[in-house]
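Quick notes on the structure that follows.
Each reported figure results from applying straightforward, stated rules to the coordinates on display, with no laboratory input. Because the structure is predicted, anything quoted here is derived from the model rather than measured. In this analysis, Cβ positions are derived from the backbone assuming ideal geometry, glycine residues included, and neighbour counts consider all displayed protein chains.
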Amino acid sequence: MIVTWWMWFVLGVLLLLAEFTTPGAFYLFFFGLGAIAVGLLGGLGIQPPLAVQLLLFLVFSIGLLALLRKRLRVRFDSKLPDREVDNVVGEIAVALEEIPVDAVGKAELRGSVWNARNVGDAPLARNQRCAVLRVEGLTLWIAPN
């Protein structure tokens, strides 16, 4: 079987394009670079037997993967902030209905209706302002303000 330089080059380009289907993984990227490197050797007139080409492909690909993947991941991974992006604890919500002590009702916060548990020591009246003490899932833990 004859593998010409342009076949390696096409394989490399296809592997690089396939990397877009797994953004951030950076595995196919290095195998694409390995195939392009073998293709470039063939384009320069260095055309070893197929077994040697496959060996060079693996050496280039795995070598580049081992040397550069971690650096690229650090460079391109999105950085998440060290704190919560949006914390509603401490804000003021408005009870939309009467909520007895330790009961769940509805409260409005930032224009959205939330489930709200009254963890205060007094019942909440309709339209009463209350402090958000905690959030668990989609439930606000509120108390009279």
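Listing for the model above:
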{"item": "Stretch in the chain that is longest and holds no GluC sites (Glu not before Pro) that DSSP places in a loop and that have at most 16 other beta carbons within 10 Å", "result": "1-83"}
{"item": "Simple label model, 7 Å out from Cα along Cβ direction - V74 to E136, nm", "result": "4.1 nm"}
{"item": "With at most 14 neighbouring Cβ atoms within 10 Å, loop trypsin sites (Lys or Arg not before Pro) (DSSP) excluded, longest segment of the chain", "result": "1-78"}
{"item": "Diffusion coefficient, µm² s⁻¹, Stokes-Einstein with Kirkwood Rh over alpha-carbon pairs of the chain at 25 °C and 0.890 mPa s", "result": "124 µm²/s"}
{"item": "Hz values of 3J(HN,Hα) by residue in region 120-135 - Karplus curve (6.51, -1.76, 1.60), Gly and Pro given as x", "result": "x, 9, 9, x, 9, 8, 4, 6, 7, 6, 8, 8, 7, 9, 6, 10"}
{"item": "Gain upon complete extension [I92, A51; 0.36 nm per residue less C-alpha separation]", "result": "7.7 nm"}
{"item": "The chain - charge dipole about Cα centre, Lys and Arg +1 at Cβ, Asp and Glu -1, debye rounded to 20", "result": "580 debye"}
